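Here the structure comes first, spelled out in structure tokens, and everything after it is commentary.
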Amino acid sequence: DVPPTPTPPGTPNRMQLLLRSLLKERFALVVHNETRELPVSYLVVAREDRKLGERLRPSTVDCRALFAARGRGAAPFEPPKPGEVPPCGMMGGFGRIAAGSIPMTQLATMLANMLSRPVYDRTNLTGNFDIQLDYTPDQMPQIPQGATLPPGFTLPSPDGPSLNTALREQLGLKLDATRGPVDVLVIDSVQQPTPD
């Protein structure tokens, strides 16, 4: 089987619609949407000549064909080894993004989750890309003394580049921070849950 077509951005998927219905029924939840002016970022190509970084390459993998073959009984993908890019999809780690054959909109969504603010793709790059990004997060994790890290897991160097510097140097992209209209969900009322 070919995987289901992803839900368009900004459109609730089936699970979200079921959850909404449950919250309305059990908690008498009443909400409305409104647009507010909030911090946003635009993902853009950093250089005027539009040259991309060495770690952002057009993908040659046809993921739909791979998934279809897997549905017909082909062997599953070999999981990527540490430091490798998966053939299809994304892997995020602490201070690392590795992605195979993804559109720029998907990278923007991952960055939005990391930054807790909307990030919109304004690169005008079409097609799918392989991405390797290594950076030093603003806050490094506190590892208890004597604790060991799982196999294949490494912490980023505390002297490595920030996310913005890594985006520019490794991918040839940058984030332009500004303010813009953002759709937000506002809770009007909620009650104690109904009994089971």
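Quick notes on this structure:
- Relative contact order of the chain, defined on C-alpha pairs under 8 angstrom at six or more residues apart (%): 38
- For the stretch 133-196, the square roots of the Cα gyration tensor eigenvalues, ordered a ≥ b ≥ c, give a/c of at least 1.5 with a/b no greater than b/c, which places it in the oblate category.
- Those trypsin sites (Lys or Arg not before Pro) in the stretch 20-67 that DSSP places in a loop and that have at most 16 other beta carbons within 10 Å: ARG47, ARG50, LYS51
- By the compact-protein rule of thumb, 2.2 N^0.38 Å, the alpha-carbon radius of gyration of the chain corresponds to a ratio of 1.24.
- Rounded, prolate or oblate (a/c below 1.5 giving rounded, otherwise prolate when a/b exceeds b/c) for the stretch 94-160 by Cα gyration tensor: prolate
- Surrounding net charge for PRO158, when Lys and Arg each add one and Asp and Glu each subtract one, Cβ distance under 14 Å: -3
- Charge tally around SER41: other residues with Cβ under 11 Å, Lys/Arg +1 each, Asp/Glu -1 each, net +2.
- Protection proxy ranking of 155-162, 187-194 - average other beta-carbon atoms within 10 Å, highest first: 155-162, 187-194
- Sites VAL190 and MET114 - FRET efficiency at Förster radius 25 Å, r taken between beta-carbons, to 0.05: 0.30
- Along the chain, longest interval not containing exposed GluC sites (Glu not before Pro), exposed being DSSP loop plus at most 15 other Cβ atoms within 10 Å: 85-196
- Nearby lysines by direct alpha-carbon distance to LYS174 (threshold 30 angstrom, same-chain neighbours under 8 apart not counted): LYS51, LYS81
- Report summary: the helix-based calculation at 222 nm, which adds -39500 (n - 2.57) for every DSSP H run with n ≥ 4 and divides by the residues of the chain, gives -6000 deg cm²/dmol.
- Once all protein chains are placed together, ASP138 keeps about 150 Å² accessible to a 1.4 angstrom probe.
- Spin-label pair ILE143/ARG20, simplified geometry with 7 Å Cα→Cβ offset, distance in nm: 4.4
- Once the Cα atoms are used to define both axes, helix 14-27 deviates from the longest principal axis of the chain by about 40 degrees.
The values are calculated or read from the model by the stated rules, or taken from the named source; none is laboratory data. Given the structure is predicted, the values throughout are model-derived calculations rather than measurements. No Cβ is skipped: glycine too gets one built from the backbone with ideal geometry, and neighbour counts run over all protein chains shown. For the accessible areas, the whole protein counts, side chains as well, though only heavy atoms, and no ligand, DNA or RNA atoms are used. Shrake-Rupley method; radii C 1.70, N 1.55, O 1.52, S 1.80 Å.
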